[in-house]
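Undergrad: Submitted below is the structure of interest, expressed as structure tokens.
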Amino acid sequence: MDLLTTADLQALAHDDGHDLAVSLFLPTHRVTVELEADRLRLKNLLAAVTKSLHDDGMTSAAVETLLAPAWELHTDVRAWQHMSDGLAIFLRPDWHRVVRVAVDVPLLAAVGDRFVVTPLLSAVSSDDHYLLLAVSQRKVRLLEGSRHRVGEVELRDVPTSLREVIEAPGPRSDTMTRSLGGGRSGPAVFHGHGAGDDEFKHDEMLRFLRLVADGLHDYLTDQDLPMVLVGLDRNVALYREANTYAKVLDHAVRHNPDQLSDGELHDAAWPIAAEYVDQAKHAAIQRFDQLIGSGAASTDAATIEAAAEQGRVDTLFVTSEPSCWNPTVGGRPTVVRLGAEQDLAACEQLDRCVLATLLHGGNAYTVAEPSMLDNGLMAATFRY
């Protein structure tokens, strides 16, 4: 899966002079038995978008060029073997972005002069959202999670095993090596009888984890999510020494992550993350309750949108399930035309507010209590 960053959101919000943007969302599956069904779902979604663009007067050649990256993905069988729980595809002339997320998304296509992001709300909101770093000499894994699940982030240019960065020390009289796996080739395991071997393993593991931390910097520089470490005591301590990410939590899961599935990692780490995110959300709601009526908080959508565009929204509270996105009719995908349907105006406004808030470093929380939102779609506290 992919980790959404502020840079990604900036790219989605960037005005490149084109007045056409296509946003596609569809649920996907991690198990390959659903591969053909997922591909068919995308095919039907693209067919609906093609018809819509043709109806708008767009030439067949222009439509084919615009949608080409999505059709290429449709035929890429290997890519479908590495999906997560949801897929988003953003297309505009000469640019596209594909995002795999570990959250549920609706089946939806939107066409307009901007991209929409609220179908990915669970992947960008501040609540029920955390990072998990499995620290092991065999395999370092970064996972992004919610209250219900985690998904592994595909890491590029980051060493993920000690073996990638270490070379065996020279021959020593008190050191021998053997391979794991009954004679099969595998990672070298060093057995020694002196302090020198322990120091070697300590120093090389620390060097490895510093390379990991440096490699993760580009992935984490725009993130403000809590991170839970999972690993044996020694590895966790060494990673804390190498770490440069500010939101690593004090509590960790003290267990060898190599022995745990993604589901087991989530079950072990979520209680630690939940304590942090629940406290932060509770504090944000308390602050809203204190400020409402003072001018420093509001439930008025127009007031919030103006503040979000100015970068004044500190915390945005939004409805947990924006019912205004109605993606299907009779089980078939429909294409939402932005700016053309009055009953979607409030949802489009919410979408603009979410994106503007996140781009200016604000937080977004989902709430299930309509009374807090004054029975609307959003509420906010302001920086000034």
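Undergrad: Taking only Cα atoms and a 10 Å spring cutoff, compute GNM fluctuations for the chain and point out the largest among 222, 127, 250.
TA: Per the Cα network of the chain with a 10 Å cutoff, 250 tops the list.
Undergrad: What are the equivalent ellipsoid semi-axes of the stretch 215-256, built from the alpha-carbon gyration tensor (square roots of five times its eigenvalues), in whole angstrom, biggest first?
TA: Over the Cα atoms of the stretch 215-256, the ellipsoid semi-axes are 19, 11, 8 Å.
Undergrad: Please give the FRET efficiency for residue 310 paired with residue 148, using the beta carbon to beta carbon distance and R0 = 45 Å, rounded to the nearest 0.05.
TA: 0.80
Undergrad: Sticking with this one: If you roll a 1.4 Å probe over the stretch 226-310 with all protein chains in place, what percent of the accessible area is carbon or sulfur?
TA: For the stretch 226-310, the apolar C and S fraction of the accessible surface comes to 50 percent.
Undergrad: Rounded to the nearest 5, what % of DSSP beta bridges with both residues in the chain are antiparallel?
TA: Counting DSSP beta bridges with both partners in the chain, the antiparallel share is about 75 percent.
Undergrad: Which residues in the stretch 249-266 place their backbone N less than 17 Å from a point set 7 Å from the Cα of residue 275 along the Cα-to-Cβ direction?
TA: Residues 249-255, 266 fall inside that zone.
Undergrad: In bins 5 Å wide, starting from 0, what share of all Cα pairs of the stretch 1-78 does each bin hold, as a percent?
TA: Pairs per bin, as whole percents: 3, 11, 20, 20, 19, 16, 8, 2, 0.
Undergrad: Which value, to two decimals, describes the C-alpha radius of gyration of the stretch 37-168 once divided by 2.2 N^0.38 Å?
TA: With N residues counted in the stretch 37-168, Rg over 2.2 N^0.38 Å equals 1.30.
Undergrad: Further question: Of the listed values (i) 4, 15, 19, 18, 18, 15, 9, 2, 0; (ii) 5, 20, 27, 24, 14, 7, 3, 0, 0; (iii) 5, 19, 24, 21, 15, 8, 5, 2, 1, 0, grab the one calculated as P(r) over Cα pairs in 10 Å bins from 0, in percent from the structure here.
TA: Read-out from the structure maps to (ii).
Undergrad: Could you do me a favour and compute the accessible area per residue for the chain, 1.4 Å probe, result in Å²?
TA: On a per-residue basis, 48 Å².
Undergrad: For the stretch 205-329, what is the convex hull volume of the alpha-carbon atoms per residue, in Å³?
TA: Taking only Cα atoms, the stretch 205-329 has a hull volume of 182 Å³ per residue.
Undergrad: Another one. Among the lysines, which have Cα under 18 Å from the Cα of residue 201 when same-chain residues fewer than 8 positions away are ignored?
TA: 139
Undergrad: Could you list log10 I(q)/I(0) for the stretch 108-150 at q = 0.24, 0.31 Å⁻¹, which the Debye formula gives when each Cα is one point scatterer?
TA: Calculated log10 I(q)/I(0) at the listed q: -0.84, -1.05.
Undergrad: Now for a different question. By how many nm would the segment from residue 51 to residue 29 grow when fully extended, if each residue of separation counts as 0.36 nm and the alpha-carbon distance is taken off?
TA: In short, 5.3 nm is gained.
Undergrad: With the contact rule set at Cα under 8 Å and sequence spacing of 6 or more, what percent relative contact order holds for the chain?
TA: Relative contact order comes out at 18 percent.
Undergrad: Volume per residue, Å³, of the convex hull around the alpha-carbon atoms of the stretch 249-384?
TA: It comes to 166 Å³ per residue, whole-number rounded.
Undergrad: To the nearest 20 Debye, how big is the dipole of the chain about its Cα centre, given +1 on the beta carbon of each Lys and Arg and -1 on that of each Asp and Glu?
TA: It comes to approximately 860 debye.
Undergrad: Moving on to the next point. Any idea what the relative contact order of the stretch 1-83 is, in percent, if you count C-alpha pairs under 8 Å spaced at least 6 apart?
TA: 39 percent
Undergrad: Please check: in the Gaussian network model of the chain (C-alpha springs, under 10 Å), which one of 351, 76, 55 has the largest mean-square fluctuation.
TA: Highest fluctuation among the options: 55.
Undergrad: Also, quick follow-up: Computed FRET efficiency, Cβ-Cβ of residue 343 and residue 375, R0 22 Å: what is it to the nearest 0.05?
TA: 0.85
Undergrad: Scanning the chain for helices, which whole DSSP H stretches are 24 Å or more long along the axis (Cα) and average -1.0 or more by Kyte-Doolittle?
TA: 35-55, 195-220, 262-291
Undergrad: Same structure, new question: Label the stretch 52-97 by shape, choosing from rounded, prolate and oblate, from the square roots a ≥ b ≥ c of the eigenvalues of the Cα gyration tensor; if a/c is under 1.5 it is rounded, and otherwise prolate applies when a/b is larger than b/c, oblate when it is not.
TA: It is prolate, given that a/c is not under 1.5 and a/b is the larger ratio.
Undergrad: Let me ask something else about it. About the Cα centre of the stretch 40-91, what is the dipole size in debye to 20, counting +1 per Lys and Arg Cβ and -1 per Asp and Glu Cβ, all else neutral?
TA: Roughly 160 debye for the stretch 40-91.
Undergrad: Another question, if that's okay. I'd like the distance separating the alpha-carbon centroids of the stretch 65-136 and the stretch 267-287, in whole Å.
TA: Here the two parts' Cα centres lie 26 Å apart.
Undergrad: Stretch residue 19-residue 221 to full length: gain in nm at 0.36 nm per residue minus the Cα-Cα span?
TA: Difference between extended and current length: 69.6 nm.
Undergrad: Leaving ligands, DNA and RNA out of it, rank 219, 239 by accessible area with a 1.4 Å probe, largest first.
TA: 219, 239
Undergrad: To continue, here is another question. Keeping all protein chains in the complex and leaving out DNA, RNA and ligands, what accessible area do you get for residue 18 with a 1.4 Å probe, in Å² to the nearest 10?
TA: 80 Å²
Undergrad: Then there's this: Pick from 371, 136, 320: which is most flexible by mean-square fluctuation in a GNM of the chain where alpha carbon atoms under 10 Å apart are linked?
TA: 371
Undergrad: Oh, and also: What FRET efficiency comes out for the pair residue 6/residue 289, r = Cβ-Cβ distance, R0 = 30 Å, nearest 0.05?
TA: 0.55
The values are calculated or read from the model by the stated rules, or taken from the named source; none is laboratory data. Just so you know, these numbers come straight off a predicted model, no measurement behind them. Note: ideal-geometry Cβ built from the backbone for every residue, glycine included; neighbour counts use all protein chains shown. When the accessible area is computed, the model is the full protein with side chains, heavy atoms only, and any ligands, DNA or RNA have been set aside. Shrake-Rupley method; radii C 1.70, N 1.55, O 1.52, S 1.80 Å.
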